[in-house]
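The structure appears right after this line, and notes come after that.
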Amino acid sequence: MYVEKTIFKNVKGICVKTRMLEAIFLPEYGGKLASLKDRETGYELLAQDANEIYLPQSENGIYINNEVSGADDLFPTIDPCRTGFANDE
């Protein structure tokens, strides 16, 4: 295993390489797994935004307006919806 500093889009990251996989973690975003690639093929295994910069996360923003690449608590395909609860806008 090999560990090195890297930049993912425009954010400082840590790259961990094994014989088969390369993973990039973002310490500034709680250690988020931002990228996971097959080293032999270069194939990205996680969903990625096409943006060249990492969009900042906002606590009360709309999920899809933030960076949705990598592995988060939610799937990157979740869209805004109405639940019928009183706090829905």
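The values are calculated or read from the model by the stated rules, or taken from the named source; none is laboratory data. Keep in mind the model is a prediction, meaning the values are calculated, not measured. Please note: Cβ atoms are built from the backbone with ideal geometry, for glycine as well, and neighbour counts cover all protein chains shown. For accessibility, only protein heavy atoms count, side chains too; no ligands or nucleic acids. Shrake-Rupley method; radii C 1.70, N 1.55, O 1.52, S 1.80 Å.
Accessible surface of K12, taken over heavy atoms with a 1.4 Å probe and every protein chain present, rounds to 130 Å². Which net charge results for the neighbourhood of V11, defined as the other residues with beta-carbon distances under 13 angstrom from its beta-carbon, given Lys and Arg at +1 and Asp and Glu at -1? Cβ neighbours under 13 Å give a net charge of 0. Accessible surface ranking for F25, F8, 1.4 angstrom probe, highest first: F25, F8. A full extension of the chain between I14 and A47 corresponds to an added length of 10.0 nm, given 0.36 nm per residue minus the alpha carbon distance.
Hey, could you get me the Stokes-Einstein D for region 1-62, Kirkwood radius over alpha-carbon pairs, 4 °C and 1.567 mPa s, rounded to whole µm² s⁻¹? Working shown, then result.
Working: Rh = 12.4 Å.
Diffusion coefficient, whole number: 104 µm²/s.
Couplings 3J(HN,Hα) for region 37-52, derived from phi with the Karplus relation 6.51 cos²θ - 1.76 cosθ + 1.60 (θ = phi - 60°), are 10, 6, 5, 6, 9, x, 5, 7, 8, 10, 4, 10, 6, 7, 4, 7 Hz, where x marks Gly and Pro.
Approximating the spin labels as points 7 Å out from Cα along Cα→Cβ, the L55-to-M1 distance works out to 3.3 nm. Near the amide H of V68, within less than 5 Å, lie the amide hydrogens of D49, all on another chain or at least 5 residues away, with H placed in the peptide plane.
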